[in-house]
C-alpha cells in the first residue's frame with residue numbers, strides 16, 4: 001500500500017490490514033474490557049495494545065504474529081487499536097493498574113496480570129509459554 005492510499009484510509013482500516021496471523025477479538029469498549037477481566041477466570045486473555053501510527057508498534061505486531069503457533073483453544077487474543085479507542089486504553093491502565101505503553105502486551109488469568117511487556121520486549125514465544133502453563 002502506498003503512502004497516498006494510507007492517507008485516505010481510516011486508522012481502523014489500517015489496523016485491520018495489520019492483523020493477519022492471529023484470530024483477534026477486537027477490544028472496543030470498556031464494558032467488553034470488564035468482561036475480558038471477568039472471563040479471565042475461564043482461560044487466559046492476551047491484550048495487545050497497538051498504535052497504527054507507530055512504526056515500532058507495527059514491527060512488533062508483525063513479529064508477534066509471525067512467531068505465533070496456534071493454541072486458540074487455550075487463550076483468547078484481544079487487539080486494542082489505542083488511537084481509535086483511547087478511552088478503552090486508559091481503562092486498561094486504570095483497571096489493571098499498569099502503565100500505559102504502546103505497543104504493549106498484557107496477559108490476564110484469574111483476574112490477575114501474569115505478564116506485561118512493551119516495545120521490543122514483547123515476545124510471542126514467552127506469551128505462549130506463560131499461557132501454556134495455565135491450561
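Test of understanding: among 130, 113, 106, which residue is under 24 Å from residue 62 (Cβ atoms) and modelled with pLDDT of 95 or more? Break it down stepwise before answering.
Working: 130 fails: modelled with pLDDT of 95 or more; 113 fails: under 24 Å from residue 62 (Cβ atoms).
Step by step, each of 130, 113, 106 is checked, and only 106 is under 24 Å from residue 62 (Cβ atoms) and modelled with pLDDT of 95 or more.
Please verify whether residue 105 is in contact (Cβ under 8 Å) with a residue 60 or more places away in the chain and in contact with a helix residue (DSSP H, G or I) (Cβ under 9 Å, 6 or more places away or on another chain), treating the condition exactly as stated.
On the way: in contact (Cβ under 8 Å) with a residue 60 or more places away in the chain: no; in contact with a helix residue (DSSP H, G or I) (Cβ under 9 Å, 6 or more places away or on another chain): yes.
So residue 105 fails the test.
Can you pull out every residue in region 73-96 that is touching a strand residue (DSSP E or B) at 6+ places or on another chain (Cβ under 8 Å) and farther than 16 Å from residue 124 by Cα? Reasoning before the result, please.
Taking region 73-96 as the starting set, the residues that turn out to be touching a strand residue (DSSP E or B) at 6+ places or on another chain (Cβ under 8 Å) are 75-82, 88-89, 92, 96.
Those that are touching a strand residue (DSSP E or B) at 6+ places or on another chain (Cβ under 8 Å) and farther than 16 Å from residue 124 by Cα: 80, 81, 82, 88, 89, 92, 96.
Just checking, how many residues over region 40-67 are surrounded by 13 or more Cβ atoms within 10 Å (Cβ to Cβ), out of contact with any helix residue (DSSP H, G or I) (no Cβ under 8 Å at 6 or more places or on another chain) and more than 14 Å from residue 107 (Cα to Cα)?
Qualifying residue count, region 40-67: 3.
Condition test on residue 70, is it on the phi < 0 side of the Ramachandran plot, surrounded by 12 or more Cβ atoms within 10 Å (Cβ to Cβ) and either modelled with pLDDT of 70 or more or in contact with a strand residue (DSSP E or B) (Cβ under 7 Å, 6 or more places away or on another chain) (or both)?
No, not satisfied.
Looking at (1) on the phi > 0 side of the Ramachandran plot; (2) under 13 Å from the mean Cα position of the chain (by Cα); (3) free of Cβ contacts under 8 Å to residues at least 24 places away in the same chain, which one does residue 116 not meet, given that it meets all the others?
Result: residue 116 passes all but (1).
The values are calculated or read from the model by the stated rules, or taken from the named source; none is laboratory data. This one's a predicted model, so the numbers in the text were calculated from it and none came from an experiment. A quick note on method: Cβ atoms are made from the backbone with ideal geometry, for glycine too, and the neighbour counts reach across all protein chains shown.
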